[in-house]
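Please read the structure below before turning to the comments.
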Amino acid sequence: MVISKESQGFLENLTVYLYSSGKREEEIREIVGELEDHLHEAEKHGKRVDDIIGMTPKEYMEQLANEMPFDLKGWLKYLLMIFIGVLAYIVMGDAIRGNLKYSFIECIGYPCVFLFSLLLMAMVLKYTSSRKVSSWKERILCMGVFFIIPMALFLALKFFGRYYNTPIVYIGKMGSIVAIVLSILVFIGLAIWSKEWDSIIIPAIIFLPEIFLEQTTFDKSTKATLSIFLTMSGMGLYVFILFKRNKIQDVD
Amino acid sequence: MATSQILKGILEGCLLAIIAKGETYGYEMIEKLYTYGFTMVSEGSIYPLLIRMRKEGLVTTSEKVLPSGGPKRKYYSLTTKGKEKLDEFQKRWSEIASSVNRLLKEEDREW
């Protein structure tokens, strides 16, 4: 079905808006499909998406969202999945560095920071999808909320948890191996569940250089520099490949 | 604003009446509304209403593959509850319409 770029953009934004408002996947698919069908017919008669919704995109999205119930079960399922994924990242990194101990502040803080970050993300997605935000403003906002704020909070937590609090959970050498194996299983499980390779490739790029360098005889600072360098290049390469692949798909 | 408030209630009744004539889909409903002169209704405004009507059990939906191919199209049909609601709307509407007409005609004469 061919519809204009403008209409397509509206439908994409609507999808993001409804997802970040916690609506059921099936219901979102239905209403977006129905509107796509309508826009297709309307455009054949020379009408534009603005005429069809008859109000601002934000007002229209709100009206639709108000008629759809909040999908608590589905939302909790996603929350649990993402939480287990994030936990696996944290545990894996600490286990490789032989640093598997957590203070009380960390045990309470990680879930809090995690929930706060997700809530913030949902809010920003709702905001940017329903308004015509100028692109640089949108980009800075997304960058800030998606990467910098959660990252800063996690790092701050790690710092304060380590230096101002005594560990209450301590996992030894055997436990570390179990933790690494469990984390790998989580990454594989998430890849199967999401049918995407990302949850295997990204941890591999982050952790493999570190594991590999642990086996070498370089001094500590060389190891650290090389690890960062390898991870950065790996990420760059991966983003480049994704970008290329998307471009080819767009042409198709 | 006043128009839109009055319209909302009426629009639901009209959609019930259109669906009662046989299984139909969103764009076709709008085309029918327009042929009856409902040009003040914006096309998109029927969808939040249709979602609510299905939630209230007045209509059911089924998705059908089009002979021309492409994605499925969503068709609406009336339930027994929807039929009852339509009957109620028709009764209410004719009462309101005749009262309003009577009143306006009398005003005409007085003027």
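Let me know the shape class of the range A:5-67, please: from the alpha-carbon gyration tensor, a ≥ b ≥ c as square roots of the eigenvalues, rounded when a/c is under 1.5, otherwise prolate if a/b is greater than b/c, or oblate. Prolate, since a/c reaches 1.5 and a/b exceeds b/c. Here the sum of -39500 (n - 2.57) over DSSP H runs of 4 or more residues, divided by the residues of the protein assembly as shown, equals -25000 deg cm²/dmol at 222 nm, to the nearest 500. Quick check: Cα centre of the range A:210-224 to Cα centre of the range A:20-62, how many Å? When both Cα centres are located, 54 Å separates them. Neighbouring Cβ atoms from other chains, within 10 Å of the Cβ of residues in A:35-41, number 6 on average. When only Cα pairs under 8 Å and 6 or more residues apart are kept, what is the percent relative contact order across chain A? It comes to 22 percent, rounded to a whole number.
Of the DSSP H helices in chain A, those that are both long (alpha-carbon extent of 27 Å or more along the helix axis) and hydrophobic (Kyte-Doolittle mean at least 1.0) are A:72-96, A:104-130, A:173-194. Between residue A:6 and residue B:102, the simple spin-label model (points 7 angstrom out along Cα→Cβ) gives 4.9 nm.
List the trypsin sites (Lys or Arg not before Pro) within the range A:155-252 that DSSP assigns to loop and that have no more than 13 neighbouring Cβ atoms inside 10 Å.
Here the trypsin sites (Lys or Arg not before Pro) that fit, given the DSSP loop and packing criteria, are A:195.
Counts of other chain beta carbons within 10 angstrom of each beta carbon in peptide B:47-57 average 4. Amide hydrogen proximity for residue A:3: with H placed 1.01 Å from N in the peptide plane, no residue at 5 or more positions away or on another chain lies under 5 Å.
Bear in mind that the values in this text are calculations on the coordinates, not laboratory data. Keep in mind that this is a model prediction, so the values were computed, not measured. Every residue, glycine as well, gets a Cβ built from its backbone with ideal geometry; the counts of neighbours run over all protein chains shown.
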